[in-house]
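For reference, the structure discussed in these notes is given below.
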Amino acid sequence: MTDSQNLFSTAQALPGALASMGSAPVIRQLRHLVDNGLADLPPPGTGRTLERWQALSLVAGHDLSLARLYESHTDALAILRELGCEERIRGAVWAMWAAESPGRRLEAIDRGAAGIVLSGSKASCAGALGATHALLTAWLPGQQPQLMAVELDHPSVGIHTNDWHAVDMTDCGSADVSFHNTPATLLGSPGDFLRRGGYWHGSAGIAACWHGGIRAVAQVLYAAVQQCPPSHPIHATRATALGRVDALLSSTAAVLRDSAAWIDAHPGDTAMVVALRTRRAVESGARRVLEETGRALEGTAFNRSAFFARLAADLPAFMRQSQVDRDEAALAGALLAQETPPRWAL
């Protein structure tokens, strides 16, 4: 099956598959999608980036915790393909743990013919309670963080939930993970993880998940306005909010479409500016949609819809991985480093 055929069948099959899974645990839902070929998306930058992001958005609109794991798995597959390690893909449920937490460091020791082993820990690892494999960053002596692959069922791997007290994104199966002389496979060379073109492609793709979440929020508001008689006193307030939300969602969707097209047209170029711009635009829009919808629906949606209440709690938590001030400063630096000024004209 070609990539385009695979993606077409995925786009067609995902809504039905998501609807059929009901309230099954999120990690079981992810396994269902993996086993049925619905989590193996063509990599970004290969001509189908928008459709890839549409799949991420669909899953996010169903459940943001599932989207967090689905995005991590699909990103790991794209990285493995980009680094020439496609043979590791089949049958595995992958997690992606590249964050470096203060006070924690995962050390890699090269034992020559005996291979590389890891010792140390990673904090707040989404999917730790269900993934079979992980891509993660570890440190070889005197070098940059290096991407490694590990099998999580090895007895030297410890999963620790005692310090995990989150009240949002609770179904992500997150935990701290420790390693004690755990066998690992080095992928690429030191620094390849950050240098590869797909790094910024994947970063921009996370915004597609955020967009799927705010689209689901907006649909709750749309339904509420539909069901409210025009003569009702609150109809005008809700209708005004819907107009604002429509403008916001249309804008963020346009940014994502434009970014996907740019990535497909320039797969070998650095997409740092595109990714940071996309993430910032979608995050800003998402926060305004949440604010407008929450104000218009008052306590009704929060108190009477478990689906909406979870969305409203989970989406800000999902977006916390974006550090606004740092990202905006990085975007400015990237713009100034370009040979030509940004093209803001129509």
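The values are calculated or read from the model by the stated rules, or taken from the named source; none is laboratory data. These figures come from a predicted structure and were not determined experimentally. So basically every Cβ, Gly included, is an ideal-geometry build from the backbone, and we count neighbours across all protein chains shown. Accessible surface areas use protein heavy atoms only, side chains included; no ligands, DNA or RNA. Shrake-Rupley method; radii C 1.70, N 1.55, O 1.52, S 1.80 Å.
Relative to the current alpha-carbon distance between Gln143 and Ser305, full extension at 0.36 nm per residue lengthens the span by 53.3 nm. Accessible surface of the chain, 1.4 Å probe: 53 percent of it comes from carbon and sulfur atoms. Dividing the summed helix terms, -39500 (n - 2.57) for each DSSP H run of n ≥ 4, by the number of residues in the chain produces a 222 nm estimate of -18000 deg cm²/dmol to the nearest 500.
Taking every full run of DSSP H in the chain, the ones that stretch at least 18 Å from end to end by Cα along their long axis and average 0.0 or higher on the Kyte-Doolittle scale are 3-20, 49-62, 64-82, 198-227, 235-265, 306-319, 324-337. Applying both filters, DSSP loop and at most 12 other Cβ atoms within 10 Å, to the chymotrypsin sites (Phe, Trp or Tyr not before Pro) of the range 255-346 gives Trp344. Heavy atoms of the protein chains alone define the surface here; on that basis the range 192-242 has 43 Å² accessible area per residue at 1.4 Å probe size.
Once you sort the root eigenvalues of the Cα gyration tensor of the range 256-346 as a ≥ b ≥ c, which label holds: rounded (a/c under 1.5), prolate (a/b larger than b/c) or oblate (the other case)? Prolate.
Calculated accessible area for the range 91-146 comes out at 42 Å² per residue, all protein chains present (probe 1.4 Å; ligands, DNA, RNA ignored).
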